[in-house]
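Peer 1: Have a look at the structure that comes next, please.
Coordinate-derived values only; no laboratory data. Bear in mind the structure is a predicted one, so any value in this text is a computation, not a measurement. All Cβ positions, glycine included, derive from the backbone under ideal geometry; neighbour counts span all protein chains shown.
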Amino acid sequence: MSTRQRSGATSSDVAALAGVSQSAVSRAFTPGSSLAEEKRLRIVEAAKKLNYVPNSIARSLTTRRSNIVAVILGNTANPFYLQVLEAFILRLQGQGRQVLTFTVPNGGDSDEAILRVLRYQVDGVILTSAQLSTRMVSLCHDRGIPVVLFNRYIPGSDASGVRCANAEGGRLIAEAFLAAGARTFAMIHGDPKGTTSQDRARGFVDKLAEAGIARSAITSLEGHSVYDGAFNAVSRHYRDGKAKLPDAIFGINDIMAMGAIDALGQRFGLKVPDDVMIGGFDDIAEGRRFPYRLTTVRQPIDTMVEKALDILHLDEPLRPIQPGIDVQVPGRLIWRQSIPAPRSRTPDGAA
């Protein structure tokens, strides 16, 4: 029977070979730590000769810090949140940290995921598109594990987080439709319990009301935040011709707007924007491509990720996370071909 061979080299062995202290070896493998470059290179060369690899688990037992951050994802069918995950991974790995990912079914709550997270020694939790009870937020904080919400908030809670200015983004899409001459509308909703979806819808409806559009001129469809949900909702609602097609349809996120575009084309042979205008929200890469060329609100992912990590302040573990922080970052309207742009400007590029 074969056995797995492991190097028995320790940090003490590396320190002896390199002629440095053991703490210098530790600093050499800690990003951002203070160490002369000549000494670091000497330590790395000694580690190579001895086949030494730092043991993060052993280090965490000493420091009480694992350098692992948990990210809980909700709607993985929405490419936006995969972009968010990638942004967090790149930023955290650049800091010498790792990401432990958990998923929650679309529309589900995160309480069970939090209980799974607590089995591991993590330095913080980032929650994206998922429901979470205030009890679970308190449970994490009581154990010294800070929780930051990303692109959502919990009403009545003191949980801190960062989100796009979703209501204002909904207003931007409404303004784009109005500028293009739309007077009747449909709106494809996402998670009915999600604050993100609710805020975008509220901003959209409020702006239309200010422009004199009656609520009866806005049809509401349930798309459940996914492509198939929007495709089926549009196909069913307009299939028998009894429901009149609106001038414009707002998908609360891009993936639902894309589902609406495909339903209009495949089921009814309609063209966007000639027959119906379509607007989305998020600015995912897929929506920039032909045949969608989607007018949308771009969420500033990198800025939002940076601000979320600022709230988490992983480099200052003894400083308690400040409760009740609610950072809203403005989105940007990106004009493409799915809504006719005003004559004063041309559609934005694909990137």
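Peer 1: Just want the answer: with Cβ charges of +1 for Lys and Arg and -1 for Asp and Glu, which residue in T101, Y227, H141 is farthest toward the dipole's positive end in the chain?
Peer 2: The Cα lying farthest towards the positive end belongs to T101.
Peer 1: To continue, here is another question. Show which aspartates and glutamates lie in cross-link reach of K193 when reach means a straight Cα distance below 16 angstrom and same-chain residues fewer than eight apart are skipped.
Peer 2: Straight-distance partners of K193: D109, D111, E222.
Peer 1: Please work out the Kirkwood hydrodynamic radius for segment 172-234, using every pair of different C-alpha atoms, and report it in angstroms with one decimal place. Kindly include the intermediate steps, with their values, before the conclusion.
Peer 2: Details: mean 1/r = 0.0821 Å⁻¹.
Value: 12.2 Å, from the Cα pair sum.
Peer 1: Compare the Cα positions of V53, L115, L85 along the charge dipole of the chain (+1 at Cβ of Lys, Arg; -1 at Cβ of Asp, Glu; about the Cα centre) and return the one farthest towards the positive end.
Peer 2: The residue sitting farthest along the positive end of the dipole is V53.
Peer 1: Past the 36 angstrom mark, what percentage of all C-alpha to C-alpha distances in the chain do you count? Can you show the working numbers first?
Peer 2: Details: 21711 of 61425 pairs.
Of all Cα-Cα distances in the chain, 35 percent exceed 36 Å.
Peer 1: At 18 angstrom or more along the helix axis (alpha-carbon based) and mean Kyte-Doolittle of 0.5 or higher, what helices does the chain contain? Whole DSSP H runs only. Please report the intermediate quantities before stating the final value.
Peer 2: Details: long enough: 37-50 (20 Å, -0.81); 79-94 (23 Å, 0.81); 166-179 (20 Å, 0.45); 195-210 (22 Å, -0.94); 254-268 (20 Å, 0.60).
Those that pass (Cα extent of 18 Å or more, hydropathy at least 0.5) are 79-94, 254-268.
Peer 1: Which aspartates and glutamates does K39 reach when only Cα atoms under 20 Å apart count, and residues fewer than 8 places away in its own chain are ignored?
Peer 2: D13
Peer 1: At a 10 Å Cβ-Cβ cut-off, how would you order R116, R200, fewest neighbours first? Working shown, then result.
Peer 2: Numbers: R116 13, R200 29.
In order of increasing Cβ crowding within 10 Å: R116, R200.
Peer 1: Can you give the charge dipole size of the chain about its Cα centre, rounded to the nearest 20 debye, using +1 on the beta carbon of Lys and Arg and -1 on the beta carbon of Asp and Glu?
Peer 2: Numbers: 42 positive and 35 negative charges, 121 e Å.
That gives a dipole near 580 debye.
Peer 1: For segment 151-287, what is the charge dipole size about the Cα centre, in debye to the nearest 20, if Lys and Arg each add +1 at the Cβ and Asp and Glu each add -1 at the Cβ?
Peer 2: Values: 15 positive and 18 negative charges, 96 e Å.
Roughly 460 debye, rounded to the nearest 20.
Peer 1: Quick check on segment 166-299: what does the Kirkwood estimate of hydrodynamic radius come out to from the alpha carbon pairs, in Å? Display every interim value, and only then the final one.
Peer 2: Numbers: mean 1/r = 0.0703 Å⁻¹.
About 14.2 Å for segment 166-299.
Peer 1: Report, ordered by chain and residue number, the lysines lying within cross-link reach of K242, taken as a straight Cα distance under 21 Å and ignoring same-chain residues fewer than 8 apart.
Peer 2: Output for K242: K271.
Peer 1: Using a simple charge model, +1 on the beta-carbon of Lys and Arg, -1 on the beta-carbon of Asp and Glu, nothing else, what dipole does segment 11-54 show about its Cα centre, in debye to the nearest 20? Numbers along the way, then the final one.
Peer 2: Working: 6 positive and 4 negative charges, 5 e Å.
Computed charge dipole of segment 11-54: roughly 20 debye.
Peer 1: Sticking with this structure for a sec: Cut-off is 10 Å between beta-carbons; in what order do T295, T195 appear when sorted fewest neighbours first?
Peer 2: Values: T295 30, T195 18.
With the sparsest Cβ surroundings first, the list reads T195, T295.
Peer 1: In Å³ and rounded to a whole number, note down the convex hull volume per residue for the Cα atoms of segment 117-207. Could the numbers behind the result be given before it?
Peer 2: On the way: hull volume 9.1 nm³, N = 91.
Output value, Cα hull per residue: 100 Å³.
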